[in-house]
1. How about the range 380-401: which of its residues are open to solvent by less than 30 Å² (accessible area, probe 1.4 Å) and without any contact (Cβ under 8 Å) to a residue 40 or more places away in the chain?
2. Criterion first (modelled with pLDDT under 95, among the acidic types (Asp, Glu), open to solvent by less than 60 Å² (accessible area, probe 1.4 Å) and more than 24 Å from residue 178 (Cα to Cα)) does residue 256 satisfy it?
3. Give 159, 167 a once-over and let me know the one that is surrounded by 15 or more Cβ atoms within 10 Å (Cβ to Cβ), part of a strand (DSSP E or B) and at pLDDT below 90.
4. Among the residues of the range 325-339 satisfying the criterion of being under 36 Å from the mean Cα position of the chain (by Cα) and part of a loop (DSSP other than H, G, I, E, B), which is nearest to residue 259 (Cα to Cα)?
5. Output the number of the condition that residue 47 fails; it satisfies all remaining conditions of (1) of a type outside the set (Gly, Ala, Ser); (2) open to solvent by 80 Å² or more (accessible area, probe 1.4 Å); (3) at pLDDT below 90; (4) touching a helix residue (DSSP H, G or I) at 6+ places or on another chain (Cβ under 9 Å).
6. Restricting to the range 357-372, count the residues that are of a type outside the set (A, V, I, L, M, F, W, C) and not in a strand (DSSP E or B).
7. Among the numbered criteria (1) open to solvent by 50 Å² or more (accessible area, probe 1.4 Å); (2) at pLDDT below 90; (3) closer than 14 Å to residue 97 by Cα, which one does residue 121 miss?
8. Considering only residues of the range 376-425 that are in a helix (DSSP H, G or I) and either modelled with pLDDT under 80 or charged (D, E, K, R) (or both), which is nearest to residue 63 (Cα to Cα)?
Amino acid sequence: MKCKYFPSLSHMRNSFKRSSKEYLLENNLHGVPYFADSTRPKWERGLWFLLTIASIVITIVTIITLWNKFQNNPTLTALDTHVSEEKLFFPQLFLCFEGNQLNVSDTNGSEKSFYEKIYEWKWDEKISDEIQEKISKKVTNFYNAFQQWTPRCDAILENVIVINKRNIRGKDFRKVVTPAGICCKFNFSKTILITDTPFQLKFKSALFPLKLYIMDKFDKGPSRNIIPHIKLRMPSSMQIEVFRTYVTTDFQMMSDYQRQCHYNKAQWSYNNCRLNCLAKDILKKCNCLPWFLKKKNIKECSLSQYSCLTKAYDEYIDCKCILPCNFTVHRLMKTIEGFDNDTQNLSPTEIILNWPNVLYRREVRFGYMDLVVSFGGIAGLFLGYSLLTSFELFYYLSFRAYCGAVLDSSRKRHNIIMIRPKKVRFANEQLKPNIEFISYNNFKNEKIFYKK
């Protein structure tokens with residue numbers, strides 16, 4: 001018989017219906033073959049249908065609960081006491097000047113007060129046109145002007161680094177522009193091992209007060225709206241406690257939404273993300289940047305545009321910034337201001353880095369394998385579902401339906417009638433006919449009777 005391998009839509013539809021019914025009757029799902037069997041009583045089929053629907057609902061609700069747990073709370077934070085092999089970085093220190101420390105010459109009191117307002121960003125009213133015109137003639141670039149009006153870092157600061165009671169002298173403070181103002185930044189680039197403890201920084205300052213900010217290794221500088229860790233009014237002694245959090249390698253299999261942190265981004269900083277987001281928003285609204293966020297090839301805002309800056313800066317911005325997965329928090333502890341017998345503030349300020357006693361380890365407590373096992377267990381418990389059930393469904397609704405349509409179209413083309421035996425049930429066994437099949441054996445020539 002020559003087959004027709006491109007059956008019509010009617011043959012495909014009839015074959016699809018027939019294959020679907022066969023699948024419902026022959027699959028291993030709990031309850032489905034019972035309510036799909038048309039030979040069973042209606043009440044029995046209805047009961048099995050309700051039980052099957054209830055099992056499907058319970059399975060879906062349980063799977064949704066597991067999925068939400070996998071998406072929102074898949075991690076666990078534990079303590080790790082193996083700290084001897086850890087490598088640390090000394091945090092960045094920013095010693096920032098105040099507005100009243102600007103060395104502005106040839107100005108009257110009102111002009112100096114206005115420069116301080118620009119430096120500190122504290123005004124709350126519109127600047128008069130007269131002051132704008134007068135100041136604009138003298139200063140057109142506050143970014144460079146404030147750097148010139150603040151003292152040099154090497155002129156007021158002298159530092160000594162003490163590593164395991166060994167002194168290393170240097171001039172590691174350099175002037176930088178940050179959102180908090182003009183600052184002297186200290187950045188010790190080498191890693192610190194436990195053998196380097198006690199690690200101590202000493203510096204003498206010829207100028208007080210100074211605002212001290214303790215920042216992470218990759219931060220560009222303190223934000224404009226954060227409070228300094230301490231305001232140094234005299235030489236002081238303080239200790240820095242280190243709280244380090246790290247993640248295990250299985251975190252890389254998860255998304256940033258599940259981790260709530262960035263895994264593979266090198267030198268990622270939450271503070272830098274916020275500053276970059278703010279700069280983009282201000283640039284979009286005002287077409288310029290303030291002096292403390294100024295970048296190369298971008299215009300600095302003029303005095304007439306400061307009202308736009310104030311409004312843009314005060315508006316809430318959802319930057320969607322998250323922390324890096326491996327991060328360190330530094331807290332200032334045990335601060336003592338002033339030293340005995342030092343009335344002229346000639347003693348150095350001491351900052352001691354304390355080695356952490358414990359580390360915080362974040363690990364995955366509910367990963368992809370746990371999700372697959374949970375899904376499979378729930379579906380198997382309530383429905384008897386497995387991966388082979390899916391392959392069976394694909395087989396019946398694709399290959400079997402297509403082959404059935406090909407055979408149906410070919411039989412119709414050659415006028416072939418398919419006769420299928422039908423099982424007949426008898427309500428009264430006495431009415432069941434007694435059918436005898438007789439077979440003749442040619443070798444022994446005797447009759448053998450079979451009853452069926």
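The values are calculated or read from the model by the stated rules, or taken from the named source; none is laboratory data. On a predicted model such as this, the values are computed, not experimentally measured, just so you know. Cβ sites come from the backbone with ideal geometry, for glycine too, and all protein chains shown count toward neighbours. SASA here: full protein model, heavy atoms, side chains in, ligands and nucleic acids out. Shrake-Rupley method; radii C 1.70, N 1.55, O 1.52, S 1.80 Å.
1. 380
2. For residue 256, the condition - modelled with pLDDT under 95, among the acidic types (Asp, Glu), open to solvent by less than 60 Å² (accessible area, probe 1.4 Å) and more than 24 Å from residue 178 (Cα to Cα) - is met.
3. 159
4. Here the answer is 325.
5. Failed condition: (3).
6. Number satisfying all stated conditions: 5.
7. For residue 121, the exception is condition (1).
8. Residue satisfying both the conditions and the ranking: 392.
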